[in-house]
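Working notes, structure below.
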Amino acid sequence: MKAIDATGLTFRQDYFDDPGAWAALVSLLDDTFGIDIDPLQQLGGPDPTSMPFGWFTDDGVLAANLSAFALPFVINGRTVNAAGLQSGAVRPPWRGRGLYRDVTRRALAWCESEGFEAIILYTDKPALYEPYGFRVLPLHRYQGKAPEPVETVAARSLSPRDAADLALLQDLLRSRMPVSETLAVTGNAAMFLINTELDREVRVSYLPAHRAVVAWKMPAPDHFCLVDIVAKEIPSLAVILGGLGIRPATVETLFRPDRLAWSGEAVPLEGGTRLMLRGLEGTSLDEPAMLSPMADF
Ligand SMILES: CC(C)(COP(=O)(O)OP(=O)(O)OC[C@H]1O[C@@H](n2cnc3c(N)ncnc32)[C@H](O)[C@@H]1OP(=O)(O)O)[C@@H](O)C(=O)NCCC(=O)NCCS
């Protein structure tokens, strides 16, 4: 086994209850990816299933990190007891010493000991994870002509920072129906909530008659982009357009629209970030699909 150089560093895991260690992770992710995850503290807190693995300096700087968390998802109609890996980073002065290999091995060993059937992650460096048995899942979004809107009670805008709106969102996130049966997360409240902050173009609206939260964008005046739906029963696309009071010419969905009473054409997803899967050997998607970016982690 290759050696690691952890001179001057101390290993810690499961450290989210320590405010100093949390702040060190916020700083590592901000410096590495330019992403601020601190607002999670006002949005119900980090995912309670998180298990972070990190190497700290004596001054409390987090030099290397990788976090695992429970991320059950549906694939081809079956719910999989899966884990996700996120927040993988090593600060430049400590790179090339085997620290990432070390936290990767620890995270994988933890996932195995916890009995997860599969592990997924997003990365722009698939080669980093191929040696551990991860494989890339090709992803597709859908696009097509908009349906005629169906009239329903008007939607209202939700603000996850408002206490009552947050409680409503959390309630719906706990009991949501997967947005697609081909590929979708089943829960994952923390990621949905932080992603409402990280992508400022995403609007979050509530359709009271259907008790459904819709995450959506308008990239162009006549083009509607449906990012995610959080509800016990997924409303049709026509109802969603009616509730939002919009009449776009075209629609795209960032998940397979098998529950929307609408169909579009599958389009391969461009971009550098890939979804990788470990486990479920021999499984590939029965139909083109993608995980909603509201589950991005
Ligand atoms: C990618 C990163 C985590 C690697 O950290 P590191 O401390 O240099 O990694 P290690 O020294 O532990 O090397 C681990 C292995 O990954 C390989 N590796 C390192 N950087 C790599 C890269 N960019 N692409 C592919 N493989 C890479 C190493 O060769 C090593 O292979 P080995 O185990 O066969 O010896 C670090 O460069 C980083 O934080 N980059 C910015 C954030 C990032 O890209 N995070 C991960 C993507 S989700």
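The values are calculated or read from the model by the stated rules, or taken from the named source; none is laboratory data. Remember, predicted model here, so these are calculated numbers, not experimental data. Virtual Cβ from ideal backbone geometry, glycine too; neighbours counted across all protein chains shown. Accessible surface is based on the protein model in full, side chains and every heavy atom, while ligands, DNA and RNA are left aside. Shrake-Rupley method; radii C 1.70, N 1.55, O 1.52, S 1.80 Å.
Counting heavy atoms of the protein chains alone, residue 284 has an accessible area of about 70 Å² for a 1.4 Å probe.
The alpha-carbon of residue 232 sits under 20 angstrom from the alpha-carbon of none of the lysines, leaving out residues fewer than 8 places away in its chain. Between residue 174 and residue 233, the distance separating the two model label sites (each 7 Å from Cα on the Cα→Cβ line) works out to 2.2 nm.
Only one residue of 179, 290, 45 has its Cα farthest out toward the positive end of the dipole of the chain, where Lys and Arg carry +1 and Asp and Glu -1 on Cβ, and that residue is 290. Taking all protein chains as shown and a probe of 1.4 angstrom, residue 162 keeps an accessible surface of around 70 Å².
When the Gaussian network model of the chain links Cα atoms closer than 10 Å, the mean-square fluctuations of 107, 24, 220 top out at 220. For the chain, the Cβ-based charge dipole about the Cα centre amounts to some 340 debye (Lys, Arg positive; Asp, Glu negative; other atoms uncharged).
Over its Cα atoms, what ratio of radius of gyration to 2.2 N^0.38 Å does the stretch 25-119 give?
Against the compact-globule rule of thumb, the ratio is 1.17.
In percent, rounded to a whole number, the relative contact order of the stretch 141-266 is 40, using alpha-carbon pairs under 8 Å and six or more apart. Estimated purely from DSSP H runs of n ≥ 4, each contributing -39500 (n - 2.57), the mean residue ellipticity at 222 nm for the chain is -6500 deg cm²/dmol once divided by its residues. Largest GNM mean-square fluctuation among 23, 82, 189, using the chain with Cα springs under 10 Å: 23. Taken about its Cα centre, the stretch 141-266 carries a charge dipole of about 120 debye when Lys and Arg each add +1 at the Cβ and Asp and Glu each add -1 at the Cβ. Taking the Cα centre of the stretch 141-266 as the origin and placing charges on Cβ (Lys, Arg +1; Asp, Glu -1), which of 170, 220, 195 is farthest toward the positive end of the dipole? Positive-most Cα among the choices belongs to 170.
The Rg/Rh ratio for the stretch 180-241 is 0.95, where Rg is the radius of gyration of the alpha carbons and Rh is the Kirkwood radius. Can you compute log10 of I(q)/I(0) for the stretch 141-266 with the Debye formula, treating each Cα as one identical point scatterer, at q = 0.11 Å⁻¹? Log-scaled intensity ratios, in q order: -0.33. Rounded, prolate or oblate: which one fits the stretch 208-268, using the alpha carbon gyration tensor with axes a ≥ b ≥ c (rounded when a/c is under 1.5, else prolate when a/b beats b/c, else oblate)? Oblate, because a/c is 1.5 or more while a/b does not exceed b/c. The chain has equivalent-ellipsoid semi-axes of 36, 21, 16 Å, by the square roots of 5 times the alpha carbon gyration tensor eigenvalues, sorted largest first.
Short-range pairs are left out: with C-alpha atoms under 8 Å and at least six residues apart, the relative contact order of the chain is 22 percent.
Accessible surface calculations at 1.4 Å, restricted to protein heavy atoms, place the stretch 141-266 at 43 Å² per residue.
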